[in-house]
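Written below as structure tokens is the structure these notes are about.
The values are calculated or read from the model by the stated rules, or taken from the named source; none is laboratory data. The model shown is predicted, which means the values in this text are computed figures rather than measured ones. Don't worry about glycine lacking a Cβ; one is built from the backbone with ideal geometry, like all the others, and counts go over all protein chains shown. Note: areas computed on protein heavy atoms with side chains; ligands, DNA, RNA excluded. Shrake-Rupley method; radii C 1.70, N 1.55, O 1.52, S 1.80 Å.
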Amino acid sequence: MKPEFLSSAVADKPEQAIPRTWPELLLSRRFTYCLSAWWIFILAPLLAASLCRPFAWWDYFTFPRTLRFDYPVTVSNILPGYIQSFSNAYVIRPTASLWYDMSLLLFGGEFWIWYLMKWILKIAAIYLTVRLLQKCGVSRIVQIAVAGYLLFHTADFQLMLTALDSWVAFGMLAILNLLFREDNSFHDLSRMTWRRYAGFLALCLLTIGIKEVSFLLIGLLVLAMVIARRSIEWRLLPVIALLALWVWLLSAASGRVGGLSAMGYWNNFWFLLTRCVPQSPFGVLAIALGLLLVYSIAVAWRLPRGNTPWLVALCLGCGGITILFSALAAQPGSRYVIPAVFLTAIPLALALDALPAKQWAAAVFVIVYPLVTAGDLYGQELAYQQWFYEFSEVLNVMETRAGQGYQLATSGDSDELALEAQGTVQLFFESYGPRLYRTPPRRVVPGLLEGWPKGRFVLLTQVPPDKITGRFRGLDTTHITKVEHVTRSDYGALEDLSRFYNRVESWMGNRHAPSYDLGAPVVSYDPWLYLYTVDLHSPSEAISFIHADNITTHQSADQPMIPGHELRYEVKAGEVFKATIPLINATGGVAPRYSGSLHVRKGRVTFGVTDEAGKDLWNAGFSASDKPVPLPSAPALPFDPQHSYYLFFFSINQATEFSIRDVRETMQWRVERIPRNRRYGAMMR
């Protein structure tokens, strides 16, 4: 028998309820802790990776040039720069310009802080979505499920730092939260406090100035408010005037849209539509979400309370308009659907909440769904790390070479490396590097546009070593002394986790091509950028002689190859002719290095590599043409050091006329990997 005092104490202590059903379990504190730990386990490496990521070559330094004609970013120019961005005839994004200026002035070149703010913005957008669901009376179970859906969606909110679509989603959600009341009805603008009304106008102005699609979303919002009230409130007139102003401004930039065929538009539309839903085994997720969206219309139609049906219609309309408008872009990206994903999450939640077995659906979303998308999320993050690290480390080497007296150069050719990338290199060394990272100002020369530097210089290009000879007009590749590139492996935990989660997806039956944002990097272990160290004062190994042999007439001669001079040969029909040039530096497993040009005026000539017995290791044929062509690069060949090898020009049994110029063997380049070093803009550097 228990003591009396113990029995009393036990009786007075309230008994703690034990979760017994799915709803109770999903709402319990213990499950919340476990779920939080599960989500953090998946997201924490992605957060760490983005904070350790340096800047890239798109938008980071070219934003002012694109949005407001390179207006200087200073404190005194914040307002003038914002006003200046309204006069842009290409893109009308004054809010984006204001955001960039404020971020650059506050955080400078510490882009990891920019990324941290983007993560905070993502959490805030999810909170605003959940807050709207609370106002609609959606159960907490479904709120958690929708939060997980948005948190792990493959249209990644924070992936691309300067992408503006996430700001569009945040702005629209902020406006809806301000307008939508706790009793499921829209605020009456005429009864709003002046402070709340001023906030509404400010949000409309800022949101419409983020990106062009915002204009349509704000317009649809105004239309919904007018229909819901069946009248135009006088306080809505400033927003209508703002929309009219934007129609006038966007008419000047309408030239950006055009030249897209009906099939091209359909392909873009389908691409964006499929990016709204992450890949899943057998398309189960796409089918389920599609059915839920259709069901949400029926649910909204049956709802008698407040303006929730108007909210559902508005969110579905905004999602559809986002996709329809974004499909007009020449190259739409997955990031374009972010506003659609966040806004359509509200109808999805209402439909899910109306299901009788919503607790099971919620369990799938919060536990299994992150595993369905983790492979794509980590694969995309790894691709960004490879590309960003490579670009930053190449800049490190260029800065080091500049300190050693080398000049810096890019090709100036947009066909081999995007002009935006070359422009970013120039802006970094000439302006942003000195301003943000205290590097000395350096001049970067676009070789094809201004002429190649004299003396010693470093060339940044995408052209690999086996294709560099003859690629750029006026570049003497015989004076290349070294080739450098960055290794794209050994990314530690991020690379291991990417491999693991993709394997998990495969085990689940979710086998698909990687879901990358269009225009974004992809996982690849081949170098993307190369650095060529060129020293015009270094010796180049010129060919001492060419042995020309007419095998039919038994006539032969050794001729010197004088730089800048042309050697011509005529072969009559029925004759066999062969000219050979010794390869002094032939090394097994390495492509031979040579330069020069060939002009076939008549007949056909075979060029290649042969041994002393006349056995060809590689060859290529050339027919008559109007102008000389650079000699093609040979692949790596199995040279035996016990034998001799030659370049050869061969013609047989047909009348042939051809000439060669500046044919000579060049030095074998040292190819080195660039060591990892300081990463500009990253947290850990």
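Only strands (runs of 3 or more DSSP E) whose full extent lies in the stretch 579-632 are considered here, and the ones with at least 2 residues that are in contact with an Asp or Glu (Cβ under 8 Å, 6 or more places away or on another chain) are 594-602, 604-611.
Looking only at residues of the stretch 426-449 that are within 24 Å of the chain's Cα centre (by Cα) and of a type in the set (A, V, I, L, M, F, W, C), we find that the one that is nearest to Leu105 (Cα to Cα) is Leu436.
If you check Leu236 against the conditions, is it farther than 28 Å from Pro94 by Cβ, over 30 Å from the mean Cα position of the chain (by Cα), open to solvent by less than 60 Å² (accessible area, probe 1.4 Å) and in contact (Cβ under 8 Å) with a residue 24 or more places away in the chain?
Judged against the criteria, Leu236 is not a match.
The residue of the stretch 94-146 that is nearest to Leu176 (Cα to Cα), among those that are at pLDDT 90 or above and basic (Lys, Arg), is Arg131. Taking the listed residues Trp119, Trp57, the one that is in contact (Cβ under 8 Å) with a residue 24 or more places away in the chain, among the hydrophobic types (A, V, I, L, M, F, W, C) and in contact with a Ser or Thr (Cβ under 6 Å, 6 or more places away or on another chain) is Trp57, with no other qualifying. Set side by side, the residues Val504, Val522, Val483, Val534 differ, and just one is surrounded by fewer than 16 Cβ atoms within 10 Å (Cβ to Cβ) and modelled with pLDDT of 85 or more, which is Val504.
Residues that are open to solvent by 30 Å² or more (accessible area, probe 1.4 Å), assigned to a helix (DSSP H, G or I) and closer than 25 Å to Ile480 by Cβ within the stretch 431-456 comprise Leu448, Leu449, Glu450, listed in sequence order.
Mind telling me which of the residues Ala329, Ala363, Ala313 ends up being more than 23 Å from Asp165 (Cβ to Cβ) and either open to solvent by 10 Å² or more (accessible area, probe 1.4 Å) or modelled with pLDDT under 90 (or both)? After applying the criteria, what remains is Ala363.
Each residue in the stretch 181-233 was checked for being assigned to a helix (DSSP H, G or I) and under 31 Å from the mean Cα position of the chain (by Cα), and 14 pass. Scanning the stretch 119-154 for residues that are outside any loop (DSSP other than H, G, I, E, B), of a type in the set (Phe, Trp, Tyr) and touching a Phe, Trp or Tyr at 6+ places or on another chain (Cβ under 8 Å) yields one hit, Tyr149.
Taking the stretch 603-630, which residues are open to solvent by 60 Å² or more (accessible area, probe 1.4 Å) and under 43 Å from the mean Cα position of the chain (by Cα)? Walk me through how you get there before you give the answer.
Filtering the stretch 603-630 down to residues open to solvent by 60 Å² or more (accessible area, probe 1.4 Å) leaves 604, 612-613, 615-616, 619, 623, 626-628, 630.
Scanning the stretch 603-630 gives Asn619, Ser623, Asp626, Lys627, Pro628, Pro630.
Residue count for the stretch 631-644 under the criterion of being within 13 Å of Gly608 (Cα to Cα) and surrounded by 15 or more Cβ atoms within 10 Å (Cβ to Cβ): the result is 5.
Count of the stretch 86-118 residues, restricted to those that are farther than 18 Å from Tyr680 by Cβ, assigned to a loop (DSSP other than H, G, I, E, B) and charged (D, E, K, R), is 1. Under the condition of being in a loop (DSSP other than H, G, I, E, B), open to solvent by 40 Å² or more (accessible area, probe 1.4 Å) and at pLDDT 80 or above, the residues counted in the stretch 507-519 number 1.
May I ask you to list the residues in the stretch 370-422 that are β-branched (Val, Ile, Thr) and part of a helix (DSSP H, G or I)? Scanning the stretch 370-422 gives Val372, Thr373, Val394, Val397, Thr400. Just the residues that are within 13 Å of Val444 (Cα to Cα) and open to solvent by 20 Å² or more (accessible area, probe 1.4 Å), please, taken from the stretch 406-418. Scanning the stretch 406-418 gives Tyr406, Gln407. Total residues in the stretch 553-578 satisfying the condition of being outside any loop (DSSP other than H, G, I, E, B) and open to solvent by 80 Å² or more (accessible area, probe 1.4 Å): the figure is 4. For the stretch 474-489, which residues satisfy the criterion of being in contact (Cβ under 8 Å) with a residue 60 or more places away in the chain and touching a Gly at 6+ places or on another chain (Cβ under 9 Å)? Passing the criteria: only Thr477.
Every listed requirement among (1) free of Cβ contacts under 8 Å to residues at least 60 places away in the same chain; (2) open to solvent by 50 Å² or more (accessible area, probe 1.4 Å); (3) among the small types (Gly, Ala, Ser) is met by Gly492 save one, (2). Is the stretch 645-656 home to any residue that is touching a strand residue (DSSP E or B) at 6+ places or on another chain (Cβ under 6 Å), open to solvent by 70 Å² or more (accessible area, probe 1.4 Å), part of a strand (DSSP E or B) and at pLDDT below 90? So far as the stretch 645-656 goes, no, none of its residues is touching a strand residue (DSSP E or B) at 6+ places or on another chain (Cβ under 6 Å), open to solvent by 70 Å² or more (accessible area, probe 1.4 Å), part of a strand (DSSP E or B) and at pLDDT below 90. Restricting the search to the stretch 256-269, which residues are open to solvent by less than 70 Å² (accessible area, probe 1.4 Å), under 27 Å from Thr95 (Cβ atoms) and either assigned to a helix (DSSP H, G or I) or modelled with pLDDT of 90 or more (or both)? If the condition is that a residue be open to solvent by less than 70 Å² (accessible area, probe 1.4 Å), under 27 Å from Thr95 (Cβ atoms) and either assigned to a helix (DSSP H, G or I) or modelled with pLDDT of 90 or more (or both), then Asn268, Phe269 are the ones that fit. Out of Val368, Val364, Val341, one residue alone is more than 18 Å from Trp38 (Cβ to Cβ) and out of contact with any strand residue (DSSP E or B) (no Cβ under 6 Å at 6 or more places or on another chain). It is Val341.
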